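Structure record follows, encoded as structure tokens.
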Amino acid sequence: MLRDIPPEIVSSICEYLKRPDLRNVRLLHRVFDSAARRILFRTIFLKVNSLSFGRLLEISKNETLRHHVEVVVYDGRELDLSQIPEFKNWLCYDAARGIGLAILQKREDFLARFSRQQLQEYYFNFCRYVTLAQEQISQWGNEEEWLREATRRFPRLSAIEYAESELDPEYGRELQPMSLFSQMAQEILAEPDEGLGFCNAHFWALVRAVFCGQERPPQVKALRGEMLDYEYFPMLNQAVPQLNLRSVQRLSLDFVSEGQGTATQTLASFLKCAPNLSTLRLSFGDQPGLLHNPATFLPTGLFDQSLHWNHLRDLSLQNLVLSPSRLQQLLRGHSTTLRSLELSDMTLQLGSETIVGGDRALWIRIIEFLSQSLSLNRIKLVGYFMADTNEAWTTSAGAGYAFICAPQGRCLLSRIEHFIIHGGPCPFTLKRSVTPFDADLDLNYNNRPWIPEHSWTWEEDDSWRFAVRPKSRVPHA
């Protein structure tokens, strides 16, 4: 009998089921209903429309369901339309938009399934959705008020996430029956696909609703924001002094663009509101690549501020431009607590500092610094590591694929990581003698491209290899 199955077994079964299957399994028996309900309502997915917000408020008022909620995930994409299109324009540009049919022929084949009357019904639903369901969120401060009202009623709420989902994984899917599309697509024949909605306004509304005010939920320990526009971060400037992020221990911010000035100052102030971080992940835009000159990149001024966290154990930085001294200062300041470090697509800039000989291999010196000054249990190095000294390394095996070491772990990247964590011989050896040819290059490296082989030796493979790139100009001694 179903009621004789131990509850822990039922819970384990439900943990492996997808959300549609969880909804179905609730009909089997009240034992399965209870287990599936806990998992279903553990995470609430929210979209920018009044129907989704209505369900959120209903759950928050249900004395049983509201105690299951631990995570709220807000998808800030929306149908970005300044005015309602005519039917013919809707059919050309908006019908079947955002549902993964990137190929024009697939989209035309998909729309050919429907009669004109059916398409007109979808068009009516589409217009009603934009004017009523979506616009109602941004009117009269409804969004922030409803978010605050709901989240205050979730006693177990521990994580807030904002993610403007990307559609790339769905772009290649084949034509499917309508029953397999989302509920929204089944109603309006489209889904929101516009990121950066209202310049991150939805993200700020979420942050203010949860972390501003007198009745703050101290149990929220994780905050994640993805697809954020760094240039519009100053929109939060006036709200930062009112934020209380003392409960947040895990913070992840993923920006799709870089910025300077006010944006950097606002982000620094924002980070200072979270003094108890144990995990921090910051990602800024996309790596420009080897064809660009690192000397022209804008340096990241964020860590010019006095940022320090007493409990920071895990740090992940992606696509930042820092001076070697600034990076070392940041890491050395957290050396007593930091145990995990991830660096990806990073650039070092000396600027006006003078360098000679082997010291020009900035990343080799950073690897030595990590081994000597930190006590890490985990290190991960991925992507490009460039410097304005004509030094550039890559962990890519080509065509954007990361290199995977053999099981014995004897590849160069594995030996670098082992050296950083466990010490021992450095995988890079500084040459003890300089030939006249090398000396000539050292004195004229602004005119001839300098490469690490002039001063260092190592056993190279595709896991960590020197990448040729256009030379930079750096002052020499």
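The values are calculated or read from the model by the stated rules, or taken from the named source; none is laboratory data. The structure displayed is predicted, hence computed values, not measured ones. Here the Cβ is made from the backbone with ideal geometry for all residues, glycine too, and neighbour counts use every protein chain on show. The area values use the complete protein model at the heavy-atom level, side chains included, leaving out ligands, DNA and RNA. Shrake-Rupley method; radii C 1.70, N 1.55, O 1.52, S 1.80 Å.
Here Gly261 meets each of (1) on the phi > 0 side of the Ramachandran plot; (2) at pLDDT 75 or above; (3) not hydrophobic (A, V, I, L, M, F, W, C) with one exception, condition (2). Scanning region 105-114 for residues that are assigned to a helix (DSSP H, G or I) and either open to solvent by 80 Å² or more (accessible area, probe 1.4 Å) or aliphatic (A, V, I, L, M) (or both) turns up Gln105, Glu108, Leu111. Taking the numbered list (1) modelled with pLDDT under 75; (2) open to solvent by less than 30 Å² (accessible area, probe 1.4 Å); (3) over 30 Å from Lys61 (Cβ atoms) in turn, Ala190 passes all entries but (1). When region 78-136 is limited to residues that are acidic (Asp, Glu) and touching a strand residue (DSSP E or B) at 6+ places or on another chain (Cβ under 9 Å), the one that is nearest to Gln183 (Cα to Cα) turns out to be Glu78. Set side by side, the residues Leu298, Leu312, Leu327, Leu317 differ, and just one is over 25 Å from Trp456 (Cα atoms), of a type outside the set (Lys, Arg), at pLDDT 85 or above and not in a strand (DSSP E or B), which is Leu312. Filtering region 279-288 for residues that are at pLDDT 75 or above and more than 19 Å from the chain's Cα centre (by Cα) leaves an empty set. Among the listed residues Arg42, Arg55, identify the single one that is at pLDDT 85 or above, in contact with an Asp or Glu (Cβ under 9 Å, 6 or more places away or on another chain) and open to solvent by 50 Å² or more (accessible area, probe 1.4 Å). Arg42 is the lone residue from the list that is at pLDDT 85 or above, in contact with an Asp or Glu (Cβ under 9 Å, 6 or more places away or on another chain) and open to solvent by 50 Å² or more (accessible area, probe 1.4 Å).
Within region 107-127, residues that are closer than 22 Å to Leu51 by Cα and of a type in the set (Phe, Trp, Tyr) have Cβ atoms under 7 Å from residues that are open to solvent by less than 40 Å² (accessible area, probe 1.4 Å) and part of a helix (DSSP H, G or I) in these pairs: Tyr122/Ile188; Tyr123/Phe87; Tyr123/Trp90; Phe126/Trp90; Phe126/Asp94; Phe126/Ile188, counting only partners at least 6 apart in sequence or on another chain.
Checked against the criteria, Phe255 does not count as modelled with pLDDT of 90 or more, crowded, with 16+ Cβ neighbours inside 10 Å, within 18 Å of the chain's Cα centre (by Cα) and aromatic (Phe, Trp, Tyr). Between Val130, Val73, Val69, the distinction of being in a loop (DSSP other than H, G, I, E, B) and aliphatic (A, V, I, L, M) belongs to Val69 only. A single entry from Val71, Val48 fulfils the requirement of being more than 23 Å from Glu135 (Cα to Cα), open to solvent by less than 30 Å² (accessible area, probe 1.4 Å) and modelled with pLDDT of 80 or more: Val71. The condition (being surrounded by fewer than 16 Cβ atoms within 10 Å (Cβ to Cβ), under 21 Å from Leu206 (Cα atoms), among the polar types (S, T, N, Q) and within 30 Å of the chain's Cα centre (by Cα)) is satisfied by just one residue among Gln134, Gln139: Gln139.
Whenever a residue of region 320-337 is closer than 23 Å to Tyr384 by Cα, its partners that are charged (D, E, K, R) and assigned to a helix (DSSP H, G or I), lying with C-beta atoms within less than 8 angstrom and at least six residues away or across chains, give the pairs Pro324/Arg365; Arg326/Asp304. Flag set for Gln117, criterion: open to solvent by 70 Å² or more (accessible area, probe 1.4 Å), at pLDDT 85 or above and either basic (Lys, Arg) or farther than 24 Å from Asn200 by Cβ (or both). Cβ-Cβ contacts under 9 Å between residues 6 or more apart (or on different chains), taken from a first residue in region 219-241 that is in a strand (DSSP E or B) to a second residue that is open to solvent by less than 10 Å² (accessible area, probe 1.4 Å) and charged (D, E, K, R), are listed as Glu226/Glu164; Met227/Glu164; Leu228/Glu164. Considering only residues that are more than 20 Å from Ala112 (Cα to Cα), open to solvent by 60 Å² or more (accessible area, probe 1.4 Å) and modelled with pLDDT of 60 or more, which ones fall in region 162-187? Correct list: Gln183 only.
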